[in-house]
Amino acid sequence: MRCCTCCVIISFFYLHPVVFRMAEKNNSAGKELQHRPRSEVPGKKIWHSQAYTLGAISNFMSTFLTFPIYKVVFRQQIHAMAVSEAVRQLWHEGPQYFYRGIYPPLLSKTLQGTLLFGTYDSLLCFLSPVGPHSLGQRWAAGLMSGVVEALALSPFERVQNVLQDARKQARFPSTFSILKEFNSYGFWGRLSLGYYRGFWPVLVRNSLGSALYFSFKDPIQDGLARQGLPHWIPPLVSGSVNGTITCLVLYPLIVLVANMQSHIGWQRMPSLWASAQDVWDTRGRKVLLIYRGGSLVILRSSVTWGLTTAIHDFLQRKSHSKKELKD
């Protein structure tokens with residue numbers, strides 16, 4: 001864990017001058033190295049359906065490839081066990097349960113990519129139709145896209161966390177059984193106890209995470225592109241660095257959400273503060289135990305966002321090349 005953290009910090013400070021040099025250079029028009037599908041022509045519409053499509057495809061592919069890592073990480077977050085113990089638990093359960101719970105994250109992450117990239121692109125063009133875009137504009141657009149994402153996708157994450165909890169397999173063998181339980185509550189119960197349980201930490205995590213990712217994604221990517229690297233390396237590194245740093249900062253919220261959303265029923269409905277206190281107490285009041293499983297989370301976040309950013313950039317380039325050929 002210390003090694004991973006040190007590598008991240010060293011990488012960030014190595015890239016830090018590049019990021020801010022690029023921020024200064026981007027103030028002059030016409031000097032971007034990366035092709036952007038976003039229009040910078042005044043008066044053009046701010047709705048770009050292509051951004052939604054590319055976001056959906058890139059998130060679908062990266063989620064499918066990294067799901068096994070996610071499954072091990074979730075067990076660590078819930079049971080505070082070592083990596084080897086989590087892998088051993090999944091092995092004993094058998095292959096029929098290994099991909100249990102993959103459909104909710106696959107669907108939710110695809111929708112996440114659709115909303116995250118599409119909403120961000122539309123909001124950024126609304127804030128600054130002609131560009132270049134300032135750090136504050138990227139931060140604001142990223143923050144709002146994270147809010148939209150949290151509102152739309154919290155129910156998927158809720159179902160997913162129940163499905164992946166080994167303690168719930170007998171009572172809730174399928175997604176349908178969980179939905180049946182939630183729908184048996186009254187209207188407000190469906191929201192507070194069912195689909196939107198643990199919503200506030202999800203909202204904070206998603207909005208801040210999106211703001212951090214979009215604020216530094218393009219500056220880091222463009223800065224690396226100026227070093228003459230192969231075109232696939234800058235987006236891969238940019239996504240990995242962003243995903244790693246964001247995950248390190250927000251990891252306690254990730255653990256809190258997993259624990260809050262894994263519970264079902266009226267008998268266990270503590271407040272947000274009580275839930276946070278419970279997680280702190282069960283982890284022995286030690287930050288190190290809160291971050292247990294953090295090494296795998298860092299790896300998963302780094303790989304996932306690296307792949308997502310690289311795939312998105314590749315699809316973006318292909319689409320832009322097609323448009324240029326047509327023109």
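The values are calculated or read from the model by the stated rules, or taken from the named source; none is laboratory data. Note that this is a predicted model, so its numbers are computed, not measured. Methodologically, a virtual Cβ is constructed for each residue, glycine included, from the backbone with ideal geometry; neighbour enumeration extends over all protein chains shown. The accessibility values were calculated without ligands, DNA or RNA, using every heavy atom of the protein model including side chains. Shrake-Rupley method; radii C 1.70, N 1.55, O 1.52, S 1.80 Å.
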Open item on the list: Between Tyr213, Tyr185, which is at pLDDT 90 or above and not in a helix (DSSP H, G or I)?
Closed with: Tyr185
Task: Residue count for segment 272-303, restricted to those that are under 28 Å from Phe172 (Cα atoms), in a loop (DSSP other than H, G, I, E, B) and open to solvent by less than 70 Å² (accessible area, probe 1.4 Å) - done: 2
Task: Which numbered condition Arg88 misses (of (1) within 17 Å of the chain's Cα centre (by Cα); (2) under 30 Å from Thr175 (Cα atoms)) - done: (1)
Open item on the list: Could you list, ordered by first residue, the pairs with Cβ atoms under 7 Å in which the first is in segment 107-136 and closer than 18 Å to Val147 by Cα and the second is in a helix (DSSP H, G or I) and among the charged types (D, E, K, R), at least 6 apart or interchain?
Closed with: Ser108/Glu157; Gln112/Glu149; Leu115/Glu149; Leu116/Glu149; Leu124/Arg138
Open item on the list: For the structure I just gave you, tell me whether Thr244 is surrounded by 14 or more Cβ atoms within 10 Å (Cβ to Cβ) and under 23 Å from Ala82 (Cα atoms).
Closed with: yes
